[in-house]
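The values are calculated or read from the model by the stated rules, or taken from the named source; none is laboratory data. Just so it is clear, the model here is predicted, and its values are computed rather than measured. In this analysis, Cβ positions are derived from the backbone assuming ideal geometry, glycine residues included, and neighbour counts consider all displayed protein chains.
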Amino acid sequence: MSRLGNLFSEKKKQVLNVYCTAGYPEIKSTLPIMKALQDSGVDIIELGMPYSDPLADGPVIQASGTKALENGMTIHLLFEQLKNFRKSIDIPVILMGYMNPVLQFGFEEFCKTAASVGIDGLILPDLPEYEFETEYGAIIKKYGLDFTFLVTPETSVERIKKLDSLSTGFLYAVSSSATTGSDKDFTAVEKYLQKLQSLELKNPVLVGFGIKDKATFQSACKYANGAIIGTAFIKILEGEKDIISVTNHFIKAIKN
């Protein structure tokens, strides 16, 4: 069973997935932040691969990606940094990014290298369902990587079930059709999550976009297996020298 499979078999609720941008705030910040997240009690790390045109990301994550690119972060360098990360990090780690740089790297080579360093899964929001089914899904499966599709409140029930059937690891429930970091009406979000819960999907569901503190995390977890925090975490790292201490404080405030 995969690390994600093991996690969700042992922990059904309150799963915390935290997004961080590789190479931010400094080029060498990636591994120390990942270790600090694990040590603070995070369940999954979603590691963002910076890209110049990240369509689903709001201004905070976009800015972190721009800074990471200015710092010199590339997919090649990221894999170099991740070569031995499994010596100190046990929790599931997934790569989140966009197809353009992955295709430039070479899709199969990317999957092969990701698996070889110990990555567990991928989120590529701009990989269409059709291309996944006809070409890329088989490559992802060949290297034992999980793949997560995103659904929104506007996604039809038929399509939700289809994307759930194609996903492994978990299903990413975007809380609204907006970019990351936007404030959300959590009453509406809860109704949407109740709908997802009623569908009895194959995969666990994690909620993302607008989760920023203990209150929104708890609200998201009422009708889902857990939640994803990105923008709020990236914000606290901006201009911060002691990234370990602020990471620990931020995560503890959400979990305790």
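General remarks:
- Among the residues listed as Gly5, Gly72, Gly97, the single one being modelled with pLDDT of 95 or more, among the small types (Gly, Ala, Ser) and either within 23 Å of Cys221 (Cβ to Cβ) or in contact with a helix residue (DSSP H, G or I) (Cβ under 6 Å, 6 or more places away or on another chain) (or both): Gly5
- When restricted to residues that are surrounded by fewer than 22 Cβ atoms within 10 Å (Cβ to Cβ) and either out of contact with any Leu (no Cβ under 9 Å at 6 or more places or on another chain) or of a type in the set (Val, Ile, Thr) (or both), region 16-48 contains 9.
- Every residue from region 80-100 that is surrounded by fewer than 17 Cβ atoms within 10 Å (Cβ to Cβ) and either assigned to a helix (DSSP H, G or I) or small (Gly, Ala, Ser) (or both): Glu80, Arg86, Lys87, Ser88, Met99, Asn100
- Filter result for Ile211 (touching a Phe, Trp or Tyr at 6+ places or on another chain (Cβ under 9 Å), under 22 Å from Val60 (Cα atoms) and modelled with pLDDT of 95 or more): no
The rows are residues; the columns are (1) at pLDDT 95 or above; (2) over 18 Å from the mean Cα position of the chain (by Cα).
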| site | (1), (2) |
| --- | --- |
| Asp57 | no, no |
| Leu77 | yes, yes |
| Leu82 | yes, no |
| Ile91 | yes, no |
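- Contacts under 7 angstrom Cβ, first residue in region 136-157 being without any contact (Cβ under 8 Å) to a residue 60 or more places away in the chain and of a type in the set (D, E, K, R), partner outside any strand (DSSP E or B) and surrounded by fewer than 21 Cβ atoms within 10 Å (Cβ to Cβ), 6 or more apart: Glu154/Ser177
- Within region 216-253, the set of residues being part of a helix (DSSP H, G or I), among the charged types (D, E, K, R) and farther than 14 Å from Ala63 by Cβ comprises Lys252 only.
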